[in-house]
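Here's the structure we're looking at; comments come further down.
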Amino acid sequence: MPLSRDQIAKRIAKELKDGYYVNLGIGIPTLVANYIPKDIQVIFQSENGLLGVGEFPSEADVDPDLINAGKQTVTAITGACYFSSADSFAMIRGGHIDLTVLGAFEVDETGNIASWMIPHKLIKGMGGAMDLVAGAQNIVVAMIHANREGQSKLLQRCQLPLTGVHCVKKVVTDLAVLEIHNNAFYLKEKARDVSLETIKRLTEGRLIIEGTIPDIEV
Amino acid sequence: MAGFHKVVQSYPEALEGLKNGMTIMVGGFGLCGIPEGLIRSVGNLGTTDLICISNNAGIDDFGLGILLKKRQIKTMIASYVGENNLFEELCLKKEMDVQLIPQGTLAEKIRAGGAGIPAFYTPTGFGTLVAKDKESREFKGRFAILEEALTADFSLIKAWKADTFGNLMYRKTAMNFNPIMATAGAITVAEVEEIVEAGDLDPSHIHTPGIFVDRIIQGQFEKRIEQMTIKSSIGSTHATQS
């Protein structure tokens, strides 16, 4: 079975380490916060100017002056702080964020990522994504392996306008966990009951499979 | 009368000198921390051919969406189109000149503009469309592109509290782009929730020193929420994202 969105998030949560400052993108990455391992503490940064993003508020606690970068109302944890967009991006561009999790339309075997526009069709804007991929110590991409027509999103070369070059080292999809180096996708884990043949068929970029591939534990 | 008289009583006074074709910066992130009354007043004045610098462009009927709807903006400089359908449509149909800039580069361009730095190098956007026609250079084994600073004829910002000298404090994530835009406007107008006497704010807690602020106006804020999310509605115990 391919992983659900929540299962992808749950697997990515295992990449969190105690003491990490983490920035989560919109979509599946947001869900990662629901699966923080019990024995560690991490702090979430939101690029609109909050270090220490907390839970969604109760109805009584909703504050229009307190949102995350997805414009959702949130709360702040005890010990949180607020700052300007310039300070926020000093954190991001200065390499102070330990881990960034973001979504993508495409990634390729050289570590390129495309996530901000589809020409003539969709313009979202890059928001903070280009800064995040240029500045973070560690980037994990959460995405769907192939579209409904079975076309791979793990490519030899991204076709869409890029968000960043040679920056992605790890991808977690609904089918697999892969690392990118030496211009190839290295298969590290696979979803239970998904065959290697399926992953091979749905990965257009160079795929390397070494030894026995364990199932993703979620 | 000698002294600093920054508090104005009306929006026309707050926007006096704003002309067609000028460049304006508008603070806020989404609908959070936007100068609601100042934007509405630019709409009422009908000023056209504006070059507008703001992270987003509001939603269809609120915030900068009002100026988009009335086609008062010739060029929009922003980082995120997001959920504004009209913005996306104007963008795709090329009815409005749109420059999309990475959010951190946008913030730094504004910061640099306010600080008198004409340009800077950054790795953000190297190898992407953003780097097109820009100089690039290698520093310590990494490529970076040259980005030029931004300034404006008017910066329209929102703050929580102002004193009569123009010292400002912001509240929570309504701060966002406001403090840096305050520094980059030839004329900076702050629309605030509360105006107090000079000396009533703790000098150690001032976010924006009064030297950057030219006019202050008391605003009335609706503070519309773009994405209302509450604990039970999502079924998650924890929320974050960016």
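For this structure, a couple of remarks:
- Segment A:5-208 shape via C-alpha gyration tensor axes, a/c threshold 1.5: prolate
- Take each residue of peptide A:130-140, count the partner chain Cβ atoms within 10 Å of its Cβ, and average: the result is 5.
- Annotation for segment A:74-151: trypsin sites (Lys or Arg not before Pro) lying in DSSP loop with at most 16 further Cβ atoms inside 10 Å of their Cβ are A:K121, A:R148.
- Cross-link check: pairs B:K94/B:K172; A:K71/B:K158; A:K71/A:K188; A:K71/A:K190; B:K70/B:K93 evaluated at a Cα-Cα cut-off of 25 Å; pairs beyond the cut-off: B:K94/B:K172; A:K71/A:K188; A:K71/A:K190.
- Packing order of peptides B:39-47, B:72-80, highest average first: B:72-80, B:39-47 (average count of other Cβ atoms within 10 Å over each peptide's residues).
- Spatially, segment B:1-29 and segment B:106-127 are offset by 25 Å when compared through their Cα centroids.
- Separation between Cα centres of segment B:128-166 and segment A:1-61, rounded to whole Å: 29
- The overall shape of segment B:11-218 is oblate: from the C-alpha gyration tensor, with semi-axes ordered a ≥ b ≥ c, the ratio a/c is 1.5 or greater and a/b is no larger than b/c.
- Taken about its Cα centre, chain B carries a charge dipole of roughly 480 debye when the Cβ of each Lys and Arg holds +1 and the Cβ of each Asp and Glu holds -1.
- Between the beta carbons of B:K69 and B:D97, assuming R0 = 22 Å, the FRET efficiency works out to 0.85 to the nearest 0.05.
- Dipole magnitude for segment B:15-140: computed about the Cα centre from +1 point charges on Lys and Arg Cβ and -1 point charges on Asp and Glu Cβ, it is near 280 debye.
- Helix-only [θ]222 nm of chain A, DSSP H runs n ≥ 4, -39500 (n - 2.57) each, per residue, nearest 500: -4000 deg cm²/dmol
- Counting only residues at least eight positions apart within a chain, or on another chain, the aspartates and glutamates with an alpha carbon under 16 Å from that of B:K109 are A:D87, A:D131, B:E135, B:E147, B:E148, B:D153.
- Of A:S58, A:S85, A:S152, the residue with the greatest mean-square motion in the GNM of chain A, using alpha carbon springs below 10 Å, is A:S58.
- GNM remark for chain A: springs join alpha carbons under 10 Å apart, and the peak mean-square fluctuation among A:I139, A:I12, A:I40 falls on A:I40.
- The GNM of chain A, with springs linking C-alpha atoms under 10 angstrom apart, assigns the highest mean-square fluctuation among A:L187, A:L24, A:L160 to A:L160.
- Under a model in which nothing but the beta-carbon of Lys, Arg (+1) and Asp, Glu (-1) is charged, segment A:5-208 shows a dipole of about 780 debye around its Cα centre.
- Residues of segment B:150-172 with amide N under 15 Å of the 7 Å Cα→Cβ point at B:A198: B:162-168
- Pairs over the 28 Å Cα-Cα cut-off, from the set B:K74/B:K134; A:K124/A:K153; A:K121/B:K231; A:K17/B:K231; A:K17/B:K132: A:K121/B:K231; A:K17/B:K132.
- The sum of -39500 (n - 2.57) across all DSSP H runs of n ≥ 4, divided by the residue count of chain B, sets its helix-only mean residue ellipticity at 222 nm to -5500 deg cm²/dmol.
- Peptide B:119-128 shows a mean partner chain C-beta count of 6 within 10 Å per residue C-beta.
- Between A:N48, A:A176, A:M126, the Cα set farthest toward the positive side of the dipole of segment A:5-208 (charges on each charged residue's Cβ, about the Cα centre) is that of A:A176.
Every number here is computed from the coordinates shown, using simple stated rules; none is lab data. Only a predicted model underlies this, so the values are computations on that prediction, with no experimental measurement involved. With ideal geometry, Cβ positions are generated from the backbone for all residues, glycine too; neighbour counts draw on all protein chains shown.
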